[in-house]
Amino acid sequence: MCPVLGHLDGRFESADAEAEHRIAVLYREFGGPLLRHVRRSTGNDLQWAEDVVQETIVRAWRNSARLQWEPSLIWAWLLTVARRIVIDGRRRKSARPQEVEPPEADMMSVPDGSERALSAMVVADALRALSEEHREVIEQTYLRDRTISEAAEILGIPPGTVKSRLYYGIRALREQLRDKGVAG
């Protein structure tokens, strides 16, 4: 069972087995990218981001019969739901500010960016290990934030080929990162 969905064990026993499988796959495939996306939206607040991802997955489970399970559509749905949850959270926090004592100056940490730089180096190295075709579609869609159609036009290949290369490229990238001990 997925860690984020672990508290739903009792509810899943009576739920449709296919819905349970889809949600497990959904978390496995989209949980990491969704968490990274949500962390940016929450000001890098990991606890809040994990709560948002968990609530998003719970809502996907509740709506699993109505969702269209095409990866691009489900990703868009997850992003929309997560964004709304973050917005609602910001509204709640702004309605009643939390009282905190200011931290002591010697207890404050200063971010140095080394972890981010190291991660970028590892991902860049893993990308270099991919075939040129896979690297190109990942660069166009993820790094340059282009749609499948835009990437297809730029690369001069059909959108279906972009989707296929993207699917297999991401799988190969995950494998590269797993081999480097980065992704689990």
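The values are calculated or read from the model by the stated rules, or taken from the named source; none is laboratory data. Computed from a prediction, not measured in an experiment: that's the story for all the values here. A quick note on method: Cβ atoms are made from the backbone with ideal geometry, for glycine too, and the neighbour counts reach across all protein chains shown.
For residues in the range 126-172 being among the acidic types (Asp, Glu) and surrounded by 13 or more Cβ atoms within 10 Å (Cβ to Cβ), which is farthest from Ala76 (Cα to Cα)?
The qualifying residue farthest from Ala76 (Cα to Cα) is Glu133.
Restricting attention to the range 64-88, which residues are surrounded by 12 or more Cβ atoms within 10 Å (Cβ to Cβ), free of Cβ contacts under 8 Å to residues at least 24 places away in the same chain and more than 28 Å from Gly160 (Cβ to Cβ)?
Within the range 64-88, Arg84, Asp88 qualify.
Among the residues of the range 103-125, is any surrounded by 14 or more Cβ atoms within 10 Å (Cβ to Cβ) and either modelled with pLDDT of 80 or more or not hydroxyl-bearing (Ser, Thr, Tyr) (or both)?
Yes, that holds for at least one residue.
How many residues are within 24 Å of Ile87 (Cβ to Cβ), surrounded by fewer than 15 Cβ atoms within 10 Å (Cβ to Cβ) and among the hydrophobic types (A, V, I, L, M, F, W, C) when one looks only at the range 20-46?
Residues meeting the conditions: 1.
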